[in-house]
Amino acid sequence: MTMIAGAEPVRERVPVFVAACDPLSRDGVASQLRGHAVELVDERSIDPGVVAVVVVDEMDDRAASDVRVLRRRGAEHVVVVATRLDDAGLLAAAEAGASGVLRRSQVTPQSLVACIRAAAAGDGTLPPDLLGRLLGQVGRLQRQVLAPRGLTFSGLTDREVKVLRLLAEGLDTAEVSHQLFLSERTVKNVVHEVTSRLNLRNRTHAVAYALRQGLI
C-alpha cells in the first residue's frame, strides 16, 4: 500500500491470472476485474506473487488438476469460482490447495476482488455455509477414513508423534523405548515407517519435519 500526500492510501495492484474452461468465461471474469485495482497478467508472468483465478463449471478431477498445475507453476494462491459445487468438489478444491472458493452465482466484482486480496495476503475465503460443509467433510474424513487406521490429518499416528516428541527432547532409542514401554526394535520400526512414508532422510529429518508442522 502506498501513500499520496493529502490523499487516502492507494492500494497496490494485485497481479491476477484468469484461467477458465472456455474463452467466454475467461474474458467475462477478466472484464469484471478491470478497474478494480488488479493487474491482469498472462501465463508467462505466473510467479508466487500472482493470484490465479480458476473459473470452472464444477470442481471435478480436471479442475483439481488445473489448480495443482497452477500451483506447481508458481502460483501460490489460487481462487476457484465454480458454477456447481457439491461437498466432494469443495473437499477436492481444498485438497488441491485452493486459497478461496466462490459460487459463480454469488460472485460480484467486489466480492471476487476481496477474495483475491485475501488470497494474496495468505488468507482463505469461503462463504459461511460452505465453511460449515467443509468442516463437516473434514470431520467425516477423520472419523471414517483416518481414525480407523490410527491416523490423523498430520499423517502420523499418536504413537509416532510420541516417539518423535521424545526424540526431539534428546532421548535415544533405549530411553524412548523405556518411556513408552516399547521394545527398541519397535521404536526403530516406528521411525523407519515415518521416514519411509513421508520421504524423509533419517530420524533427524523426521523430527525437524514434525517440529515445522507443529506436531510436537
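The values are calculated or read from the model by the stated rules, or taken from the named source; none is laboratory data. None of these values were measured; they are calculated from a predicted model. FYI the Cβ positions are ideal-geometry reconstructions off the backbone, even for glycines, and counts take in every protein chain you see.
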Filter segment 152-168 for residues that are in contact (Cβ under 8 Å) with a residue 24 or more places away in the chain, within 17 Å of Arg212 (Cβ to Cβ) and not hydrophobic (A, V, I, L, M, F, W, C) and give the result. Ser154, Gly155, Glu160, Arg165
Closer than 16 Å to Arg104 by Cβ, crowded, with 17+ Cβ neighbours inside 10 Å, touching a residue at least 40 places away in the same chain (Cβ under 8 Å) and in the same structural domain as Arg103 (by TED's automatic domain parsing): which single residue out of Val18, Val55, Val38 fits that description? Val55
For segment 81-98, which positions are more than 12 Å from the chain's Cα centre (by Cα) and over 17 Å from Val14 (Cβ atoms)? Ala82, Thr83, Arg84, Leu85, Asp86, Asp87, Ala88, Gly89, Leu90
Could you tell me whether segment 69-84 includes any residue that is of a type outside the set (Asp, Glu), in contact with a Gly (Cβ under 6 Å, 6 or more places away or on another chain) and buried (at least 16 other Cβ atoms within 10 Å of the Cβ)? yes
Residue satisfying all of: in segment 21-35; touching a residue at least 24 places away in the same chain (Cβ under 8 Å) and among the aliphatic types (A, V, I, L, M); surrounded by the most Cβ atoms within 10 Å (Cβ to Cβ) among these: Val29
Considering segment 106-129, residues that are among the small types (Gly, Ala, Ser) and without any contact (Cβ under 8 Å) to a residue 40 or more places away in the chain, and then whichever is surrounded by the most Cβ atoms within 10 Å (Cβ to Cβ), we arrive at Ala118
Inspect segment 104-115 for any residue being part of a strand (DSSP E or B) and in the same structural domain as Leu130 (by TED's automatic domain parsing) and give the result as yes or no. no
Scan segment 169-189 and report the pairs whose first residue is under 19 Å from Leu215 (Cβ atoms) and whose second residue is hydroxyl-bearing (Ser, Thr, Tyr), with Cβ atoms within less than 7 Å and a gap of 6+ or a chain change. Val187/Thr173; Val187/Ser177
Identify all residues within segment 181-208 that are buried (at least 17 other Cβ atoms within 10 Å of the Cβ) and modelled with pLDDT of 90 or more; write none if there are none. Leu182, Val187, Val190, Val191
Report whether or not Val101 is among the β-branched types (Val, Ile, Thr), assigned to a helix (DSSP H, G or I) and within 23 Å of the chain's Cα centre (by Cα). no
